[in-house]
1. In segment 161-193, what residues are surrounded by fewer than 18 Cβ atoms within 10 Å (Cβ to Cβ) and either within 20 Å of G57 (Cβ to Cβ) or touching a residue at least 60 places away in the same chain (Cβ under 8 Å) (or both)?
2. Is segment 227-241 home to any residue that is hydroxyl-bearing (S, T, Y), crowded, with 17+ Cβ neighbours inside 10 Å, in contact with a helix residue (DSSP H, G or I) (Cβ under 6 Å, 6 or more places away or on another chain) and at pLDDT 90 or above?
3. State which residue is surrounded by the fewest Cβ atoms within 10 Å (Cβ to Cβ) when the search covers only segment 205-226 and only residues that are under 17 Å from Q182 (Cα atoms) and of a type in the set (G, A, S).
4. Test F151 against the criterion of being assigned to a loop (DSSP other than H, G, I, E, B) and either under 13 Å from the mean Cα position of the chain (by Cα) or under 28 Å from S41 (Cβ atoms) (or both), and give yes or no.
5. Restricting attention to segment 79-94, which residues are β-branched (V, I, T) and more than 24 Å from I123 (Cβ to Cβ)?
6. I80 is checked against (1) over 17 Å from C19 (Cα atoms); (2) in a helix (DSSP H, G or I); (3) at pLDDT 95 or above and fails just one. What number does that condition carry?
7. Consider S244 carefully, then state whether it is within 17 Å of the chain's Cα centre (by Cα) and either modelled with pLDDT under 95 or surrounded by 17 or more Cβ atoms within 10 Å (Cβ to Cβ) (or both).
8. Collect the residues in segment 1-59 that are free of Cβ contacts under 8 Å to residues at least 40 places away in the same chain, closer than 25 Å to P82 by Cβ and polar (S, T, N, Q), keeping them in residue-number order.
Amino acid sequence: MTMSAPVFTDASPPLTGGCRTLHLPAEAEAPGLTLWINKPSGERPPQGWPALIMLDGEAYFTAAAEMAQRLARRSTKTRIEPLMIVGIALDDSADRQATFGFSSLEERSGAPPRGQHLLQRLILDILPRMEMEGADTANLTLLGHSMSGLFVLEARAAAAPFARYVAVGPSIWSNPSVIHAQPSGSTCADDLTVFVGSEEETEGLTQDHLARRMISNTRSLLAKAGVMLSVLNDEDHGSTPYASLPAALRFASRP
């Protein structure tokens, strides 16, 4: 008897607890967005779940959601409590630098910055949806990488309604004034954690890349209040978001 050889077929990645998705069309100056939500298993706490809202969700949502579900099973060891993971992705047609940008630097390239419009959409449209899904709006963390990491710093400077912020390899070179725009004083109780790879500013890189001062700029943030910095050994700009995930989840899930 001859049997046909088994073949692979297309499938979505297996994800503990599954997820739900929603597409929001473009609105005014804000781009269309795709959202993914993964909720913890078990009963929702009275105040809601803490939530980690991840920009560039198309790249990082699945890894973060799976890690959060699995590590929260052993909270006493991992120090990661159950939390909601929300991924947000821009429409493919969106200009990434302009969409996340707040400064006039992008205007000189012909694309006016639209970061303020994106931030307003997060606040007025997405956060209420997260509350309806069971998120604790007093315990929300915003995370971004590279240009969206710069957006996180801009959101913090604008006093956006997030309890915590995570900036991974933020593109501060695009708007260095964001360093001085960070809040000062005792009101910032370690609400910002920044991750950067040790290989993001090292010998052997091109002069154009070194001019971005990826590590030096993040170190400058330490002069401001409430900032914690981790330089991840042997990691580069592309690997740092994944290497930083356990610490980011721990930071986002704390009471």
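The values are calculated or read from the model by the stated rules, or taken from the named source; none is laboratory data. All figures in this text were calculated on a predicted structure; none of them were measured in a lab. Note that each Cβ is placed from the backbone with ideal geometry, even for glycine, and that neighbours are counted across all protein chains shown.
1. Within segment 161-193, P161, A163, S177 qualify.
2. No.
3. To start, the set of residues in segment 205-226 that are under 17 Å from Q182 (Cα atoms) comprises 216-226.
Subsequent filtering for residues that are of a type in the set (G, A, S) retains 216, 220, 223, 225-226.
Numbers: S216: 13, S220: 17, A223: 11, A225: 16, G226: 20.
Ranking the candidates gives A223 first.
4. Values: assigned to a loop (DSSP other than H, G, I, E, B): no; either under 13 Å from the mean Cα position of the chain (by Cα) or under 28 Å from S41 (Cβ atoms) (or both): yes.
Taking the combined requirement at face value, the residue does not satisfy it.
5. Result: I80, single match.
6. That leaves (2) as the condition not met.
7. yes
8. Across segment 1-59, the qualifying residues are S12, T21.
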